[in-house]
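Participant: Structure incoming, see below.
The values are calculated or read from the model by the stated rules, or taken from the named source; none is laboratory data. All values reported here derive from a predicted model rather than from experimental measurement. Quick reminder, even Gly has a Cβ in these numbers, built from the backbone with ideal geometry, and neighbours come from all protein chains shown. Heavy atoms of the whole protein, side chains included, go into the accessibility calculation; ligands, DNA and RNA do not. Shrake-Rupley method; radii C 1.70, N 1.55, O 1.52, S 1.80 Å.
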Amino acid sequence: MRTGPPSASVRSPGATMAQLRAVLSTPQVPHLLAFALVGRLPTAMSALAVLLLVRGQGGTYTLAGGLAALLTAGTAVGQPLLARVVDRRGQPAVLVLAALVSSVAFVVLALAGVGHVGVSAVAAAVAGLGTPPLEPCLRALWPDVVGTGPRLQAAFSLDVGAQEVVYVVGPLLATAGVALLGDAGGVLACVLFGAAGTLAFVALRAPRDWRPTPHEGRRGTPLRHPVLVRLFVATLACGVPVGALAVVAAAYAGGRHSTVLTGWALAANAAGALVAGLYGAAHSEAEPPRLALAAAALAGGYVPLALPLPPVAWLPLAALSGLALPVVLTAVFSTVQRLCPPALLTEANAWVATAFGLGAAGAASVAGVVTDRFTADVAVAAVVLGAAAAAAVASLLTGRVGSG
């Protein structure tokens, strides 16, 4: 993922906004972005949808966290594998097949529920493995659609900022699905949005016209580069607070006898990230953030959520805790593009998603166990502080790895 020459980072705010407007007015861009966002909604819905399914049927937080972890881990494993196939076979066939597999698995999960835990576990893992790799596919299209240089940088900034819409809307759609269709409604909503968005995306000209570009060194792997491996480990640690949040929000809401608070807490967190992401996209004339500082800010932002505050105070804090996430992602992708060999950039970006997903999956599983063993407020405090500590470790790991 190349974002133009170093001189692109010193443009004025007005020039940056002009580039964003130019990108948005480019044919196909609004539709590519919109359909990719719709197709990626299940990534923001599934953990909460599974939790609401399990808890609605009388299952434990441990089971809910475990199934959510399997789903997230499946996604983390499947993304680089599917991205590699896309690089060899093109986008449409891989995306459609992945959407079909994931949709069937979600339906099986919805039908099995807590009555057939083994079937639900397999279905959750397969649903994750089959998640269409829309994010890396979209990023592979940007150079062909908008060109290179400043416009490409603006496209990536828009992409990073706009994806937070998924995490604002997703939790609300999951809770709405449960309200309309019962305990399995959130999981079934994942099928609807994932399949519809993916099919609409592949129907556009750009994904159909895109062809893999053979290049030397394709059989290499970013995992052979120690500095990138260190970056991936730090990214995994940064995923811990994000993965823990769904269980934390559910425990907090359960302690106050309100299911609705869960969706609002996750949406508030994502809204904070959305604001920060769009602000960063419109002010990208600044130097890229240092990853160590960004990870430290992520850690600090979650600490106040450990306090047993009323919802009127806790929800704004949930929004504030999301502010650092786009900064972390911008720093990670800036570091990857600077340190990774060009022939391995697509796979490296997929491994970033995988590392983040694995951190989130592990956190969801552990958070479920902790929540079952303690009272709501104690569990929230323990999980939040543990998650913040993980992000602090990421800051230490990346102290010598900047993104500038």
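Participant: May I ask you to say which residue of GLY301, GLY322 is closer than 30 Å to ALA381 by Cβ, modelled with pLDDT under 85 and not acidic (Asp, Glu)?
Facilitator: GLY301
Participant: Which is more than 21 Å from the chain's Cα centre (by Cα) and on the phi > 0 side of the Ramachandran plot, of GLY113, GLY118?
Facilitator: Testing whether each residue is more than 21 Å from the chain's Cα centre (by Cα) and on the phi > 0 side of the Ramachandran plot leaves just GLY113.
Participant: Okay, moving on. For ALA8, all conditions in the list (1) at pLDDT 75 or above; (2) open to solvent by less than 20 Å² (accessible area, probe 1.4 Å) hold save one; what is the number of the exception?
Facilitator: (1)
Participant: Given the structure, is ALA98 of a type outside the set (D, E, K, R), crowded, with 24+ Cβ neighbours inside 10 Å and part of a helix (DSSP H, G or I)? Break it down stepwise before answering.
Facilitator: Values: of a type outside the set (D, E, K, R): yes; crowded, with 24+ Cβ neighbours inside 10 Å: no; part of a helix (DSSP H, G or I): yes.
Taking the combined requirement at face value, the residue does not satisfy it.
Participant: Right, here's the next one. Is there any pair with a first residue in the range 63-91 that is of a type in the set (D, E, K, R) and a second that is in a helix (DSSP H, G or I) whose Cβ atoms are under 9 Å apart and which are 6 or more apart or on different chains, and what are they?
Facilitator: Between residues of the range 63-91 that are of a type in the set (D, E, K, R) and residues that are in a helix (DSSP H, G or I), the close pairs are ARG84/THR346; ARG84/GLU347; ARG84/ALA350; ASP87/ALA140; ASP87/THR346; ASP87/GLU347.
Participant: Mind checking whether some residue in the range 257-270 is open to solvent by less than 40 Å² (accessible area, probe 1.4 Å) and touching an Asp or Glu at 6+ places or on another chain (Cβ under 6 Å)?
Facilitator: Within the range 257-270, one or more residues are open to solvent by less than 40 Å² (accessible area, probe 1.4 Å) and touching an Asp or Glu at 6+ places or on another chain (Cβ under 6 Å).
Participant: Can you tell me which residue within the range 250-275, out of those that are at pLDDT below 80 and part of a helix (DSSP H, G or I), is farthest from ALA324 (Cα to Cα)?
Facilitator: Applying the filter and picking the extreme gives VAL260.
Participant: Oh, and also: Evaluate the range 180-193: report whether one residue or more is over 24 Å from ASN349 (Cβ atoms), under 22 Å from the mean Cα position of the chain (by Cα) and not aliphatic (A, V, I, L, M).
Facilitator: yes
Participant: Another one. Checking ASP87 against (1) touching a Gly at 6+ places or on another chain (Cβ under 9 Å); (2) open to solvent by 10 Å² or more (accessible area, probe 1.4 Å): exactly one of these is not met. Which one?
Facilitator: It fails just one condition, (1).
Participant: I'm told ALA355 meets every condition in (1) at pLDDT below 80; (2) among the aliphatic types (A, V, I, L, M); (3) touching a Phe, Trp or Tyr at 6+ places or on another chain (Cβ under 8 Å) except one. Can you identify the failing condition by its number?
Facilitator: Going through (1) at pLDDT below 80; (2) among the aliphatic types (A, V, I, L, M); (3) touching a Phe, Trp or Tyr at 6+ places or on another chain (Cβ under 8 Å) one by one, ALA355 breaks only (1).
Participant: In addition: Return yes or no: is LEU278 open to solvent by 40 Å² or more (accessible area, probe 1.4 Å), part of a helix (DSSP H, G or I) and modelled with pLDDT under 80?
Facilitator: It is true that LEU278 is open to solvent by 40 Å² or more (accessible area, probe 1.4 Å), part of a helix (DSSP H, G or I) and modelled with pLDDT under 80.
Participant: Can I ask one more? Among THR175, THR221, which is polar (S, T, N, Q) and modelled with pLDDT of 80 or more? Before you say what the answer is, go through the steps one by one.
Facilitator: Details: THR221 fails: modelled with pLDDT of 80 or more.
Matching residue, one of THR175, THR221: THR175.
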